[in-house]
Amino acid sequence: MGYRTRAYGIPGSPADYHPDAHEAIERWFTMPNTGNSRAVADIIEDLAPVRPSAVVDPFCGAGSTALAARRLGIPFVGVETDPVLACVSTAKSLCGPADGQALLELPEADESPALRCLRLVHRLQHFPGGGRLSARAIAEDLSRGARNVPESMVVRGDSTARATWEEVTLPEGEVVIFTSPPFFDDWTGPKVPPQVRIEAEDLLTGPVTHDSRSTARGYGDLLVGALRAARTAVPHCTAIVEHEPGSGPPGRLLEVADRLTNEAGAEIMEILETGRFSPGGLFSLLVCRL
């Protein structure tokens, strides 16, 4: 099947593709496939047909889309199977200056889930992906960074399962899905000690337990499964999907576009080709309507 393809300028350079190590909140914790939140915000502003009532990410990971929505002042709704990353996205989307100040004090029994996630983010500074930041630096980020949007939420669950989307609450109006499924089929999540992962599992609730994972495997299965399941909560929206060749075969993007049409009922609007920012190959954006 043929699709409209055109050159596109966001992200326009490696600096726009990779996270900014000096950017408030973004620098707390990243993964190798984490995007630049400023670029994500620019893409959403440019490609959304109207200002969205919410930004949804079925694979919210380390929170680049969460922070992009925060920059735009729009509620964020994320889904993430990995409990550690779900905590990171929760802290990046929901924590405000008061949480930063509380981080400098001893924990209390009745703290909000978002603040407890922020404390976990502080612990993650010592592991791969962490920004090596002090509690005071994290608190300062929350004071100088974009304001949090209280209506945001993160669900720990399998985005390819319809039951997960039953946990999601969305405002009325046009919604944009912006997501970046794992490009590499052997992706296993952040490298943290088992005790940290157990702690993260206790912080957020959701329909997926710590030892259950999606039956979908690989970029195509995950994306098709997630967008098909998302239609339960998001019946009509624009979906913008990041694509990099990763570990899949050449031409996988066109194969996935066909599957989205045939299996998820999506209308492919266009494929936007940006640039080559990593060894994986040409980075593209697939834009469709659900």
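The values are calculated or read from the model by the stated rules, or taken from the named source; none is laboratory data. What you see is a predicted model; the values in this text were computed from it and never measured. Every residue, glycine among them, receives a Cβ derived from its backbone with ideal geometry; neighbour counts consider all protein chains shown. When the accessible area is computed, the model is the full protein with side chains, heavy atoms only, and any ligands, DNA or RNA have been set aside. Shrake-Rupley method; radii C 1.70, N 1.55, O 1.52, S 1.80 Å.
Before moving on, here are some points about what is shown:
- Set side by side, the residues THR232, THR238 differ, and just one is in contact with a Lys or Arg (Cβ under 8 Å, 6 or more places away or on another chain), closer than 28 Å to THR169 by Cβ and in a loop (DSSP other than H, G, I, E, B), which is THR232.
- Residue count, region 247-286 (criterion: of a type in the set (Asp, Glu) and within 26 Å of SER13 (Cβ to Cβ)): 2
- Meets criteria (more than 30 Å from GLY220 (Cα to Cα) and either of a type in the set (Val, Ile, Thr) or crowded, with 17+ Cβ neighbours inside 10 Å (or both)) for LEU106: no
- When region 149-182 is filtered for residues that are open to solvent by 20 Å² or more (accessible area, probe 1.4 Å), in a helix (DSSP H, G or I) and of a type outside the set (D, E, K, R), only ALA163 remains.
- Scanning region 13-63 for residues that are in a loop (DSSP other than H, G, I, E, B), over 21 Å from HIS126 (Cβ atoms), open to solvent by less than 70 Å² (accessible area, probe 1.4 Å) and among the hydrophobic types (A, V, I, L, M, F, W, C) returns ALA48, PHE59, CYS60.
- Just one of the listed residues (ARG119, ARG123, ARG136) is surrounded by fewer than 22 Cβ atoms within 10 Å (Cβ to Cβ), touching a strand residue (DSSP E or B) at 6+ places or on another chain (Cβ under 9 Å) and either closer than 25 Å to GLN195 by Cα or not basic (Lys, Arg) (or both), namely ARG123.
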